Each structure stands twice: as C-alpha cells, then as structure tokens.
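Below: one structure, written as structure tokens.
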Amino acid sequence: MIQAGMAFTYDIKTSRRDGHNLVKTGFYKYVRHPGYFGWFIWSISTQIMLANPISVVVFSIASWYFFYMRIPYEELQLIRFFGDEYIDYRKRTFTGVPFVYDS
C-alpha cells in the first residue's frame, strides 16, 4: 500500500484520476496485485495455523474465486487507463494469485 501511494484503493476505479500513474517498482516489479497476493496468502495461512483442514480448503476456494472474479475486471480498467504500457507490464509480471491469468 505504501509502494502504490495514491494509486492504492480498495475499490476498482472506472475513471482515471489526475496524477494516477502505473506503479512498476518495488514489489510491483514482480507482482501486479501485491495486496491481493498478501491477502490470499494471509487468508489461507490463518486457517493452516488453526489446524482446520476443512477451513483451509473452504478459505482457499472462496479466496481464489473472489480474486478470479475481481482481477480480470480490474485488469480491463487498467488497460483502459494505461493502454500498451499496462499490456507490456502484465507480460512481465504475475497477477499474485495462482491460476488467475490475464483477462
């Protein structure tokens, strides 16, 4: 969140704000959605720590499905905002959530 600065929000923007630049440094150099990556790992890890195998499976599926539905829509908005710059950027980076690919 610190790395992204004002570009980080909890909701998906459908219009580009003035000064909204594509962040491609730090962790963003490797992962397009580091907040999603961290939340995905955290949500599953908490269930592993609780030693509840049913919750591990349920949280894994629920978390994955949430991002499976959210990331492609967000990526389309980012392509609208940044065009070829974002398309080139996503060729070099991982979404941050396993088996969630480019839209």
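The values are calculated or read from the model by the stated rules, or taken from the named source; none is laboratory data. Keep in mind that this is a model prediction, so the values were computed, not measured. Please note: Cβ atoms are built from the backbone with ideal geometry, for glycine as well, and neighbour counts cover all protein chains shown. To get the accessible areas, we keep the full protein, side chains included, count just its heavy atoms, and leave off ligands, DNA and RNA. Shrake-Rupley method; radii C 1.70, N 1.55, O 1.52, S 1.80 Å.
Could you work out the relative contact order of the chain? I mean the mean sequence separation of Cα pairs under 8 Å and 6+ apart, divided by the number of residues, in percent. Numbers along the way, then the final one.
On the way: 80 pairs, mean separation 35.6, N = 103.
Relative CO of the chain lands at 35 percent.
For segment 5-103, a crude dipole built from +1 on the beta carbon of Lys and Arg and -1 on the beta carbon of Asp and Glu, taken about the Cα centre, is about 140 debye to the nearest 20.
Proximity of backbone amide H atoms, modeled 1.01 Å from N, is registered between Leu22 and no other residue at under 5 Å, excluding neighbours fewer than 5 places apart on the same chain. Computed from phi, the 3J(HN,Hα) profile of segment 49-63 under the Karplus parametrisation 6.51, -1.76, 1.60 (θ = phi - 60°) reads 4, 7, 6, 10, x, 5, 5, 4, 5, 5, 5, 4, 5, 4, 5 Hz, with x in place of Gly and Pro. Taking the Kirkwood radius as Rh and the Cα radius of gyration as Rg, segment 55-103 has a ratio of Rg/Rh equal to 1.07. Shape analysis of the chain yields a ratio of the Cα radius of gyration to the Kirkwood radius, Rg/Rh, of 1.01.
For segment 24-34, 3J(HN,Hα) computed residue by residue from phi via the Karplus equation (6.51, -1.76, 1.60; θ = phi - 60°) reads 10, 10, x, 5, 5, 5, 10, 10, 6, 10, x Hz, glycine and proline entered as x.
As a fraction of the 1.4 Å probe accessible area of the chain, surface on carbon and sulfur atoms comes out at 66 percent.
Here's the picture: charge each Lys and Arg Cβ at +1 and each Asp and Glu Cβ at -1 in the chain, and of Phe99, Ile12, Gly26 the one pushed furthest to the positive end of that dipole is Gly26.
For the chain, what does -39500 (n - 2.57) per DSSP helix run (n ≥ 4), summed and divided by total residues, give at 222 nm, in deg cm²/dmol to the nearest 500? Mind showing how you got there, number by number?
Details: 3 runs with 54 residues, N = 103.
-18000 deg cm²/dmol, from helical runs alone.
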